[in-house]
Amino acid sequence: MPVTTNSVSSCRLQQGSTMAETVIALFILAVGLLAVQAMQLTSLRTNVSASMRTDAQFLAEDMADRIMAYSNQSLLNPLLVTPADDYNGIDTNGAAVDPGCSAGGCNTAQQRALDLFDWKTELEARLPGGRGTVNVVGNEVTTITVMWDNDRTGANGTGCSGDSQVDLACYSVQLNLQ
C-alpha cells in the first residue's frame, strides 16, 4: 500500500507530543505529591498539638488530685489548714525545691513544696515552656491552669488570649472543694 502525503504529514505533526505529555504528567504528579506532603505536615502538627493538650489535661488533673487528697486529709484532721490556704497562689514560674520528705512523710508546708516541685518538674519535662498556676476564689473554687508554648514561638505571656505569638496556650480546670 502506497504511503500518502496526508499520513506522512500527520506522523510528523505528532513527533515530540509524547515528550510534552510526559512533562505535563510529571508536573501534575509533582504538584500532587507536594499537596500530600503539606497534608502530612499539617497532620503531624495537629497530632503534636493534641498530644501536648492531652499532657496539659493530665497535669492539671494531677494537681487537682493532689489538692483533693490534701483536702481529704484536712477533713479528717481539722487541725490541718484548708487546701485554699496552702495551695493558693502556686506558680511554677518561680523556684521549686524538693523538700526531701517523700520517703518519710511530710508536714503541711513540706507537702505543698513537694507537690509544687513534682508538678513543676513534670510541666517542664512534658510541655515546651510549661508553666502552671493554682488560684483559689472564696476558699471554694480552685482554678488550675496549665500553660505551654504550643507553636514553639518563644511566647511567654500568661494572658491565655489565643495569640501564639504573645501568650502561651492554656488549659484550665475548676475544682469545687465543697
Problem set entry | Simple spin-label estimate for Val141 and Leu41 in nanometres, 7 Å along Cα-Cβ | 4.3 nm
Seminar exercise, completed: Scoring only Lys, Arg, Asp and Glu (+1, +1, -1, -1) among other residues with Cβ under 13 Å from the Cβ of Ala96 yields -3
For this session: With θ set to phi - 60°, apply the Karplus curve 6.51 cos²θ - 1.76 cosθ + 1.60 along the range 108-113 and write out the HN-Hα couplings as whole Hz, x wherever there is a Gly or Pro.
Result: 5, 5, 5, 5, 4, 5
For this session: Output ³J(HN,Hα) for the range 158-170: one whole-Hz value per residue in order, computed from phi by the Karplus curve 6.51 cos²θ - 1.76 cosθ + 1.60 with θ = phi - 60°, and x for Gly and Pro.
Result: 10, x, 6, 7, x, 7, 5, 7, 10, 9, 6, 6, 10
Exercise. Under a 5 Å amide H to amide H cut-off, with H placed in plane at 1.01 Å, what residues pair with Ile90 once short-range neighbours are removed?
Worked result: Val134
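Computed from the coordinates by the stated procedures, all read-outs in this text should not be read as laboratory data. Everything quoted here is computed from the prediction, not taken from an experiment. Methodologically, a virtual Cβ is constructed for each residue, glycine included, from the backbone with ideal geometry; neighbour enumeration extends over all protein chains shown.
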